[in-house]
Structure formats: structure tokens, C-alpha cells
């Protein structure tokens, strides 16, 4: 990079450098499930007047209700009559429709958690119109891009962080010298099994990052092969959330041991 242009530095969203550049990607989900647990706890503490999914005696009961809904949808998607009078195509509510919203809420709770809890609550009460209308709107937005037929399987219902755009190119190339683009079915099955032991909620999404590298055989023009550590001119301030979906606090603490004088906030 340009160390001569860097003065004091704050880093956030900290990965384990060895795990990341070796392409293992197994040091990310250690705190993921705690995010949803905490959201459910906060919702229950807010009470039935403010928590649309309020149920039971604790946040654990809310999480159990979320589990029940998603499990039922995985086993049996729910067809809904057309919500748009201009089309005869029905909407089918699937596991993915709520799962992608849920992990988005875990990553961006301030902007997304309230909405997904509300949609889940309406669905539990038998009101499927809201989620169907939301899905229809996303299909129409995708169709307007001109790359899919309206309401077809080719329409992407919702872009979500991580797996789209530049992210695969960056992370797959960062680990390219460690054969990130070569992954057998057996290896992926083993990798996914390790992820599911770390997080029941985020493993399904996180596994797609490694899958997105399959077939990418390009190599970066330059790679950094030395150990990632050093004595900086000014101490680093390393920030980590108490609970984070993919950059657990332990990573910030580990990186702090690699840079003399750095502190963790």
C-alpha cells in the first residue's frame, strides 16, 4: 500500500489475517448466533406493545418461533394469489424470502431488524399479503433492470451484502495463491459441516463466499507473503463489536497482539 501516506489509523471489521489470506475462512462465525439471540432478547424486553413477534417468557421463545416458521417454509413453501392485478402470476413464499431478510437484519439491525420481525409476525398471524407484496416489489425492481422476465426464477428477489458485486473478486483473489478456486464436493461438504457447528444461522450464507470462488483461477499480479505484523509509527486503534456476524471480537484482540502498542475498543 502506501505506508508513507498513513498517519494514525483506526481499523474496524477485523478478520483473522492468517485465516483470511490462507482462504480457510473459519474464523468468522464464532459470535454470529449471539447477534440474533440479543435481538430476540431486546425485542422481548421491549414488550408486546413494541415487539411485533413477542411471545413466551424470554427472547429464546422468540428465536424458537423464528426457527419454527423458517423450518415450516423450508418443508413447504406457501403459494399466494397474485398481489398485482396486472399479472396472473402467483407469488410463492419460500424459506429464502425470510432467511435472506433475517441475516440482513443480523448484519444491519438498526435499519432492518424491526421490519423483518414485523413481517414474520404478520406471517405467523396468517397475513401473507405483506411479505408477498414486498417480494413482488423486488421482482419488479429486478425486472426493470432488463435482465430477467418479470416474476420469473431469473429475477433476483433481493440483493444482499457479501456475495454480489466486487466482494468475490477481492476475497477470491486475496486467497488465490492457496487454490481458492479449486474445491471438490467432498471438501465443500466438510467445510460446510464445520461452519454449521460455528453458527446455525449464518453458516448457510457464509458458505456461499467460498463457493463463489470455484472456477476463479486468476492470480493477482502481486501478493504479500510476509507475516502480517509490525511496529507502527503510531499505535493502531482496533475496533470490534461485542457481537458481530462475521468479524468476531476475538479477531480484533488477536490482531492487537501482532501490532505493538495497539489497543482494542
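Each value in this text was obtained by applying a stated rule to the coordinates, not by laboratory testing. These numbers were taken from a predicted model, which means no experiment stands behind them. As a convention, Cβ positions derive from the backbone with ideal geometry for all residues, glycine included, and neighbour counts pool all protein chains shown.
General observations
- Put the Cα centre of the range 183-203 next to the Cα centre of the range 71-141 and the gap is 26 Å.
- For the peptides 243-252, 193-202, the ranking by mean Cβ contacts within 10 Å, running from highest to lowest, is 243-252, 193-202.
- Relative to the longest principal axis of the Cα atoms of the chain, the long axis of helix 95-107 makes an angle of roughly 40 degrees.
- Here the alpha carbons of the range 32-143 define both size measures, Rg and Dmax, at 14.4, 45 Å.
- Taking the average, over residues, of other Cβ atoms within 10 Å as the packing measure, peptides 218-228, 38-48 rank 38-48, 218-228 from highest down.
- Nearest-ten-degree value, helix 59-75 long axis tilted from longest Cα axis of the chain: 70
- Estimated D of the range 55-116 in µm² per second, where Rh is the Kirkwood radius over Cα pairs and Stokes-Einstein applies at 10 °C, 1.306 mPa s: 120
- Relative contact order %, the chain, counting alpha carbon pairs below 8 Å whose residues are six or more apart: 29
- Compared with the dominant Cα axis of the chain, that is its longest principal axis, helix 32-46 is turned about 50°.
- Mean projected area of the convex hull spanned by the Cα atoms of the chain, taken over all viewing directions: 17.4 nm².
- Panel order for 37, 88, by other beta carbons found within 10 Å of each beta carbon, from fewest to most: 88, 37.
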